[in-house]
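Following: one structure in structure tokens, then a few remarks.
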Amino acid sequence: MLNAKPTWKSTLKTLLYLAPLLLITAVFTIWPLLNAFLMSVYTKYNYFTDHVGAIGWNNFAYLWHDPLFHLACRNTLLLALVATPLTVALSLLIAYGLNRIHHLARFFRTIYFLPFVTSTIAVGLVWNWIFRLDGGLLNRILGWFGYSAIDWLNDPHYALAALMVVCVWQGLGFNILLFLASLNHIDQRYTAAARLDGANAWQRFTNVTWPLLLPMTILIIVNTALTNFKVFDQVYALFHGSAGPGNADLTLLYYLYQKFYVENQYAVAAASGVIFFLLIGGVTLLTYGYFRHRRRQMGGRL
Amino acid sequence: MQVTLRDIKLAYDHQPATLNHFSAQLPDGQLTALLGPSGSGKSTVLNLLAGLLTPDAGQIYFDQTEVTHLASRQRHIGMVFQDYALYPHLTVRDNIAFPLKMAHVRKAARYQRVAELAQLVQMTDQLAKFPRQLSGGQQQRVAIARALAKRPDLLLLDEPLSSLDTTLREDLREGIHRIQRATGVTTVLVTHDQDDALQIADQIMILADGRLQQVGTGTALYRHPHNLTVAQSIGRPQLNTCAVTALPTAWRQVLPLEYYQQATTVGIRSEALHLETPTDPHTVAGTISRQIQLGRDHQTTLHTATLRLVSTALPATLQTAVSIGLDPTGCLLFAADGRCIWAGDAHA
Amino acid sequence: MNRHPWLTLFWGLVLTIGAVLTLMPFVWMILTSLQPAATTLSIPTSWFPRSLNWVNYLNIWRAAPFAQYCLNSLLVTLTTTLGQLLTSILAAFALTHLRFYGRRLLFGLLLILMLIPGELLIIPNFITLAQLHWINTYAALIVPWLASVLMVITLHQAFLSQPKTLYYAARLDGASDWQYLWHILVPTNWPVITAVTLLQVIGSWNAFMWPLIVTNDDARRTLPVGLMAFTTEQGTNYPLLMAATVCVIFPLILLYLALQKYLVSNILSSHSKG
């Protein structure tokens, strides 16, 4: 058993254990993965008869010239660029605070994690009600301070900001937990030593905690950015099944959904899916490359 | 059940063979100890018997049946692992009953047998506990009870005492001996500690460098070692050794000349070095550098002009300069290949 | 440790403000749901309900087939979670304990597949289901989700760290691979299994895009999709709507509060090496 080599017999036996996973994965992951790329170059495609009229780059050319697609790209990138740093900074702040206090830390942690388990659609509807022009919570609070009400959901200037708030709110919990994991790990090992060396709180943070926290921070930034690239449910709930005023909140995934499900332009939708994939894949590869580089620098210790 | 290993060869991936042409026989109903340093191949032999390793060549027989390629679970053996491998989510009772459950023994009969075994290993009052609530010694006893549950033909013990402190060790060593006697099961004990082997084994197999060096009782191994390795692994303090050329001339006289000339190494047991007696002309001057009391005995470190020796036959003394005599019955002569060509005791 | 009292106060303040903002939508949701049942056009204007009004919670069951949505969500969540557990446990066991040709290849493939965004697969999967005539069936909601690469990888790590002697001991005690898996390996890895189960339940219960696409009537809609349909019908009857969202959100919050130690400790331990 310890030195057993695989044989055809043992492979066959193992296959029984692997079969359910392999079957489902082959049919619903690997096959559609290939198909997703193939479909993006189909033109004149009839999905029901599976008849392909021609093959070419027309779908990508369509996207290249489609102002709506440009808008979707712009919105997605803007959302990621603003919401990601905000989420990461706030979660680091809160995690650091949770790490400092002793009482109620568990209680606070429980609260901060609640949005993670909450249905995006359901809470999106709650946010819709919070952002509402008349009677909404936010405008009532603004009213207290003497500001005039803002039509968050119908004014194209504010609609994307509203979406960002929802994304940040929901993204905090998981990141706080990840930062906490890192901080606990660092705390036990290094800051006690730094304290003995006479470093004050700020020096400890900048010289010990932060450099050790950096790899996790990069992981969290990437993870949050990827999550923000994939925003769909929030838009759907916040604007009751539309992409916001004048498509102000049209994200890449919402564009894909619209082309696919509403307009039935499957091949164009598939092409936008491929662009979406390239974006995500590119970011993932970059991160992977960074961590490989870093691992090599640190002599394999990571 | 008698166990036979015949001409076993085994090599791990990309490494020199761990075992080569290894043959051995374990007599029925006896406790055999496999003694050797780490890397000697003793755990490999145990894993071969357990069916956890399959040899590259050679055969293993349980009585007349060949089991070389038989799966572990069909070999009908019990094993106690070094870390005891108790199932953490099961109570002591269910741990002991697990092999019986796998054998589809009915629940009432299972618990009946658990009660017997608990009695045997003296754990009757701990049956409802979980492994993490037990001490190391208690865990070991549970592991033995579990290994014995299905009345195996062969019991394998893999360093069962290594993680326990000394007092507990003595206790549990006796426990293993008692249980083995009570059940009469053929037992193999793997250990790197000669005390374990000497105190409870019926026969001891000494392994080194993947080879079976010698098999025998503790007495036989001590008095008639086949080679230097065996002589060095049995006896505490360890055998004094020196090159024949370094041996003082006075002491050479007490050794037989014809063997002495063929030998390259001399082994001197610590009890063979004693204070000079009036009748003994062959003494060597030495100085005592250190003397320590080990319970009843004294262990003395001596220096002669050329040698550093340990003796247990010197009385407590405040002298530092002494005259030392050598008793030939405690001497061994080894050839260049390590073979023992003369053992004082045997030829005296 | 002697920390500066002002510093403690500062962090206490930051955390309290954060917690209040985090809880704000939940509180607002509950308060609104207890407002008197409004007509579809009037917006509640008071902050707190004058008296506790449970009538909205009764009305949602009459206003939409919520019982059906709940049933569908329960069915889909239970079957996909159990199915994923089964396929993942079997596969992770095979990858960690059995010898077979192509093990490294398969593991590498799984690692790559883990990085593929699921959204890319929605269109081709929809077409597959359409060709199978599975649109608007339970099978469409369940079958594509019966395997989870992420769960396999998580369990793979957990099973690897199990002492191998337990496996050998079980084999010598007469257990087959199958018996070892279910009698020893699964029970001893209970905390991780609870954590991945909980994560999957959260994912399935809250899933939206896929159920939205493959269902088209009330008989098959899950809660989030049903909730959106309900919104379209009810417009701005916020008290009623909020009562419905409470019903969608709270089962999971209760489950999380009950099992949070498993979930949190799993996330903390699986990422602490970062």
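Would you work out the relative contact order for chain B, in percent, from Cα pairs under 8 angstrom that are 6 or more residues apart? Write down the numbers at each step before the final one.
Values: 707 pairs, mean separation 56.9, N = 348.
16 percent.
Percent of Cα pairs in the range C:1-159 per distance bin of 10 Å, from zero to the largest separation: 8, 19, 19, 21, 21, 10, 2, 0. Helical runs assigned H by DSSP (4 residues or longer) give chain B a calculated mean residue ellipticity at 222 nm of -8000 deg cm²/dmol, each run adding -39500 (n - 2.57) before division by the residue total. 3J(HN,Hα) couplings calculated from phi for the range A:89-97 with the Karplus curve 6.51 cos²θ - 1.76 cosθ + 1.60 (θ = phi - 60°) are, in sequence order, 4, 5, 5, 5, 4, 5, 5, 4, x Hz; Gly and Pro show x.
Considering only DSSP beta bridges whose two residues both sit in chain B, what percent are antiparallel, to the nearest 5?
If I count the DSSP bridges inside chain B, around 75 percent turn out antiparallel.
Of the chymotrypsin sites (Phe, Trp or Tyr not before Pro) found in the range A:31-75, those that fall in a DSSP loop while having at most 14 other beta-carbon atoms within 10 Å are A:PHE48, A:TRP57.
In square nanometres, what is one fourth of the surface area of the convex hull spanned by the alpha carbons of chain A? Quarter of the Cα hull surface area: 24.5 nm².
Assign one of three labels to the range A:22-97, namely rounded, prolate or oblate, based on the Cα gyration tensor with a ≥ b ≥ c the square roots of its eigenvalues; rounded applies when a/c is under 1.5, prolate when it is not and a/b is larger than b/c, and oblate otherwise. Because a/c hits 1.5 or more and a/b fails to exceed b/c, the range A:22-97 counts as oblate.
Scalar couplings 3J(HN,Hα) for the range A:16-21, obtained by applying the Karplus form with A = 6.51, B = -1.76, C = 1.60 to θ = phi - 60°, are 4, 6, 8, 3, x, 5 Hz; x denotes Gly and Pro.
What number, rounded to the nearest 500 deg cm²/dmol, is the helix-based mean residue ellipticity at 222 nm of chain C, given -39500 (n - 2.57) per DSSP H run of at least four residues and division by all its residues?
Numbers: 13 runs with 191 residues, N = 274.
About -22500 deg cm²/dmol.
Proximity of backbone amide H atoms, modeled 1.01 Å from N, is registered between B:THR186 and B:GLY29, B:LEU155 at under 5 Å, excluding neighbours fewer than 5 places apart on the same chain. Among beta bridges identified by DSSP and lying wholly in the protein assembly as shown, the antiparallel ones come to about 75 percent.
Take every Cα pair under 8 Å whose residues are at least 6 apart in sequence, average their separation, divide by the length of chain A, and the relative contact order is 26 percent. The 3J(HN,Hα) values that the Karplus relation (6.51, -1.76, 1.60; θ = phi - 60°) gives for the range B:310-316 are, in residue order, 10, 10, 10, 9, 8, x, 4 Hz. Gly and Pro appear as x.
Taking a sphere under 13 Å around the Cβ of C:ASN136 and counting the other residues whose Cβ falls inside, with K and R at +1 and D and E at -1, yields a net charge of 0. Averaging 1/r over each pair of different alpha-carbon atoms in the range B:3-232 and inverting the result gives 18.2 Å, the Kirkwood hydrodynamic radius.
Which pairs in the list A:LYS5/B:LYS107; A:LYS9/B:LYS150; A:LYS13/C:LYS164 are over 31 Å apart, alpha-carbon to alpha-carbon? As for pairs spanning more than 31 Å Cα to Cα, those are A:LYS5/B:LYS107. Could you tell me the ratio Rg/Rh of the range A:236-287? Both radii from Cα atoms, Rh via Kirkwood. Ratio of gyration radius to Kirkwood radius: 1.06. What is the sum of charges, Lys and Arg at +1 and Asp and Glu at -1, for the other residues whose Cβ falls under 13 Å from the Cβ of A:SER272? Around A:SER272, the surrounding residues sum to -2. Sparse packing (at most 13 other Cβ atoms within 10 Å of the Cβ) combined with a DSSP loop state is found for none of the trypsin sites (Lys or Arg not before Pro) in the range B:138-205.
With kT/(6 pi eta Rh) evaluated at 4 °C and eta = 1.567 mPa s, and Rh the Kirkwood radius from Cα pairs, the range C:64-234 diffuses with a coefficient of 72 µm²/s according to Stokes-Einstein.
Using all pairs of distinct alpha-carbon atoms, the Kirkwood hydrodynamic radius of the protein assembly as shown works out to 33.9 angstrom. When the alpha carbon gyration tensor of the range B:108-208 is reduced to an equivalent ellipsoid, its three semi-axes come out at 24, 17, 11 angstrom, largest first. For the range B:47-161, what class follows from the C-alpha gyration tensor (a ≥ b ≥ c being the square roots of its eigenvalues): rounded when a/c is under 1.5, otherwise prolate if a/b is larger than b/c, else oblate? Judged from the Cα gyration tensor, the range B:47-161 comes out prolate (a/c at least 1.5, a/b above b/c). Legend: Rg and Dmax of the range B:238-347, from Cα coordinates, 13.6, 41 Å. Among C:SER204, C:ALA63, C:ALA19, which residue has its Cα furthest toward the positive end of the charge dipole of chain C, with +1 on Lys/Arg Cβ and -1 on Asp/Glu Cβ? Going by the Cα projections, it comes out as C:ALA19.
Taking amide H atoms as placed 1.01 Å from N in the peptide plane, the amide H of B:ALA33 lies under 5 Å from those of B:LEU189, B:ASP202, B:GLN203, B:ILE204, B:MET205, each 5 or more residues away in sequence or on another chain. Candidates B:VAL244, B:GLN262, B:LEU307 compared by Cα position along the dipole of the range B:238-347: farthest toward the positive end lies B:LEU307, with charges placed on Cβ. Among residues other than C:PRO211 with Cβ under 15 Å from its Cβ, the summed charge is -2 (Lys and Arg +1, Asp and Glu -1). The relative contact order of the range A:194-272 comes to 17 percent, based on Cα pairs under 8 Å that sit 6 or more residues apart.
Rounded to the nearest angstrom and listed largest first, the equivalent-ellipsoid semi-axes of the range A:70-247 from its Cα gyration tensor are 36, 18, 14. Amide H contacts under 5 Å for B:ALA57: B:LYS9, restricted to partners 5 or more places along the chain or on a different chain, H placed in the peptide plane at 1.01 Å from N.
Counting, for every residue in C:143-151, the Cβ atoms of other protein chains within 10 Å of its Cβ and taking the mean gives 4.
Read the figures in this text as sums done on the coordinates, not as results from a lab. Keep in mind it's a predicted model, so treat the numbers as computed, not measured. FYI the Cβ positions are ideal-geometry reconstructions off the backbone, even for glycines, and counts take in every protein chain you see.
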